[in-house]
Amino acid sequence: MGTRTADIIIVGGGLAGPAIGYGAARRGLSVIVLDEGDVAFRAARANFGLVWFQGKGLGMPSYVEWTLEASRRWPDFAADLEEETGICVAYRNDGGLHLCLGDEALAARRRHIGQIGMQVKPGEYDVGFLDRSEVQGALPAVRLGDRLVGASFSRRDGDCNPLRLMRALHDGILRHGGAYRPAHKVLDLSHRGGTWTAHTANGVFETPRIVLAAGLGLADLTAKAGLHVPVVAERGQILVTERARPMFPIPMSGIRQTAEGTIMLGVTNEHVGHDDTTTTSAMHAIARAAVTAFPELARLRLVRAWAGLRVLTPDKYPIYAASENPPGAYAVISHSGVTLASVNATRLVSWIVDGERPALFTSFRPDRFHVQAA
Amino acid sequence: MFRRLERHGAAERRIVTIDFEDEKIAARRGDTVAAALLAAGVDCFRTSAVSGSERGAYCLMGICFECLVEIDGAGNQQACLRLVRDGMRVARQDGAVALDPAKPPGGAAA
């Protein structure tokens with residue numbers, strides 16, 4: 001077990017880490033991705049697959065801006081990825097709907113969208129509303145439930161196949177000469193003379209730059225890099241139907257039909273620690289919401305149900321942290337590994353490799369959680 | 001191509017009639033839908049959702065999903081796992097299931 005070295009080492013083989021690794025490998029840097037095993041929580045394998053803009057960023061204008069840039073970069077990102085790897089991630093960008101069941105829900109959604117809109121420059125937040133007949137126009141193949149009164153709509157929203165995205169990122173790293181090492185959980189981290197050393201059960205790795213993107217596995221590691229990064233787990237559950245003919249041409253916040261025909265139904269937000277099991281009560285609630293919106297869905301059989309743990313921070317917004325003394329260690333926590341993949345592969349790489357720190361990263365520093373003595 | 005093994009009192013089992021693509025097919029009580037269709041000389045149960053090519057029953061034990069048919073209005077039913085019932089309406093599964101808004105909900109109860 002000799003020492004391996006690379007220009008940049010990524011800890012975590014899900015979506016955030018490999019997006020950075022792919023971007024760095026494209027730039028010609030040597031990259032090694034160190035991943036745990038199937039005992040890890042694997043948030044990237046439980047994803048719903050939305051590339052989503054609308055409704056995000058209340059109380060955090062920088063996140064609206066960051067997500068907007070991500071959505072603008074996605075078409076080129078998906079095209080480059082397919083050209084280089086031959087893997088089509090089934091990216092669609094024809095807009096998306098957030099359905100409102102009942103007048104109260106619609107009013108609440110109008111307030112929520114209006115408040116986010118006031119945080120940004122006038123005219124820059126292009127999220128609009130559709131009434132019931134306009135929703136029917138957008139979804140001509142399905143009958144709407146009686147309580148579906150309207151929806152918010154953004155042309156910036158879309159979706160993709162998140163498993164193919166992960167595979168394409170991994171493949172892209174390998175094609176650019178990088179390496180992926182599964183079963184290499186990082187047990188310890190040390191620093192000497194400008195070099196970070198990652199100790200794994202299967203060898204020692206050295207690098208001037210180390211990026212910690214290990215999701216819920218981050219807690220122990222970040223402290224060793226002098227970074228104090230709070231990580232919060234949030235459970236989400238998803239139901240999947242049998243394959244059906246195309247009936248939903250655009251994704252919705254909790255319902256989307258994949259390119260293969262299955263319909264994914266979501267989703268829950270539960271705080272249950274690291275319990276990633278499914279529950280019948282959540283499945284019941286998800287199914288009920290889906291058939292309330294579209295009664296015909298009751299005729300499709302469910303073929304899968306799963307739960308995953310989102311990787312969040314206490315305020316749900318990302319953390320992008322760089323160590324100061326010694327420098328060279330970075331921590332990345334962002335729930336939206338799919339949506340943000342396009343900026344993680346570009347802007348984050350410029351930050352880590354060239355030191356070009358995006359101005360809005362001031363908002364994503366971990367010290368926003370440090371409580372001062374009153 | 002397929003013929004019944006007239007053993008173990010099979011001939012004494014009650015005849016039931018099912019409807020396949022608007023034609024009457026005689027089957028025996030206890031037959032699976034797949035067995036009844038094969039005995040009646042049907043070898044195309046469905047068309048592939050991917051290529052459109054014709055498919056028929058293969059494993060006959062619930063594993064391969066090649067024998068999908070529509071039964072009483074509900075699509076994607078495994079013909080090898082369902083027993084015939086007098087008056088049952090069976091149709092070829094044409095590609096992936098379609099949810100026709102004109103049809104009333106509730107047909108999926110297997």
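The values are calculated or read from the model by the stated rules, or taken from the named source; none is laboratory data. This one's a predicted model, so the numbers in the text were calculated from it and none came from an experiment. FYI the Cβ positions are ideal-geometry reconstructions off the backbone, even for glycines, and counts take in every protein chain you see.
Points worth noting:
- Matching residues in the stretch B:63-96 - criterion: being assigned to a loop (DSSP other than H, G, I, E, B) and either within 14 Å of chain A (Cβ to nearest Cβ) or in contact (Cβ under 8 Å) with a residue 40 or more places away in the chain (or both): B:Phe65, B:Asp72, B:Gly73, B:Arg82, B:Val84, B:Arg85, B:Asp86, B:Gly87, B:Met88, B:Gly95, B:Ala96
- In the stretch B:46-69, residue farthest from B:Leu83 (Cα to Cα) [restricted to those that are within 15 Å of the chain's Cα centre (by Cα) and small (Gly, Ala, Ser)]: B:Gly56
- The lone exception for A:Gly236 - which of (1) out of contact with any Ser or Thr (no Cβ under 8 Å at 6 or more places or on another chain); (2) buried (at least 20 other Cβ atoms within 10 Å of the Cβ) it fails: (1)
- The single residue among A:Ser334, A:Ser342 that is closer than 25 Å to A:Asp76 by Cβ, away from chain B (no Cβ under 14 Å), of a type outside the set (Lys, Arg) and touching a Pro at 6+ places or on another chain (Cβ under 8 Å) turns out to be A:Ser334.
- A:Ser62 being touching a Leu at 6+ places or on another chain (Cβ under 7 Å), in contact (Cβ under 8 Å) with a residue 40 or more places away in the chain and not assigned by TED's automatic domain parsing to the domain that holds A:Met264: yes
- Complete set of residues in the stretch B:1-48 that are of a type outside the set (Phe, Trp, Tyr), in a loop (DSSP other than H, G, I, E, B), crowded, with 19+ Cβ neighbours inside 10 Å and in contact (Cβ under 8 Å) with a residue 40 or more places away in the chain: B:Asp31
- Single match in A:Arg164, A:Arg175, A:Arg192 (criterion: in contact with a helix residue (DSSP H, G or I) (Cβ under 9 Å, 6 or more places away or on another chain) and either assigned by TED's automatic domain parsing to the domain that holds A:Val332 or in contact (Cβ under 8 Å) with a residue 40 or more places away in the chain (or both)): A:Arg175
- Residue satisfying all of: in the stretch A:43-87; part of a loop (DSSP other than H, G, I, E, B) and of a type in the set (S, T, N, Q); nearest to A:Ala107 (Cα to Cα) among these: A:Gln54
- Residue ID - farthest from the other protein chains (Cβ to nearest Cβ), chosen from residues in the stretch A:241-263 that are within 14 Å of A:Ala90 (Cβ to Cβ) and hydroxyl-bearing (Ser, Thr, Tyr): A:Thr258
- Within the stretch A:285-311, residues that are within 12 Å of another protein chain (Cβ to nearest Cβ) sit with their Cβ atoms under 9 Å from residues that are β-branched (Val, Ile, Thr) and assigned to a helix (DSSP H, G or I), at 6+ positions apart or across chains, in these pairs: A:Leu297/A:Val291; A:Ala298/A:Val291.
- Condition broken by A:Ala183, with the remaining ones in (1) among the small types (Gly, Ala, Ser); (2) at positive phi; (3) not in a loop (DSSP other than H, G, I, E, B) satisfied: (3)
- Of all residues in the stretch A:267-280, those that are closer than 12 Å to A:Ile238 by Cβ have Cβ atoms under 6 Å from Cβ atoms of residues that are of a type in the set (S, T, N, Q) and in a strand (DSSP E or B), 6 or more apart or on another chain, in A:Thr268/A:Gln237; A:Thr278/A:Gln237.
- Flag for A:Gly328 being at positive phi and either buried (at least 24 other Cβ atoms within 10 Å of the Cβ) or assigned to a strand (DSSP E or B) (or both): yes
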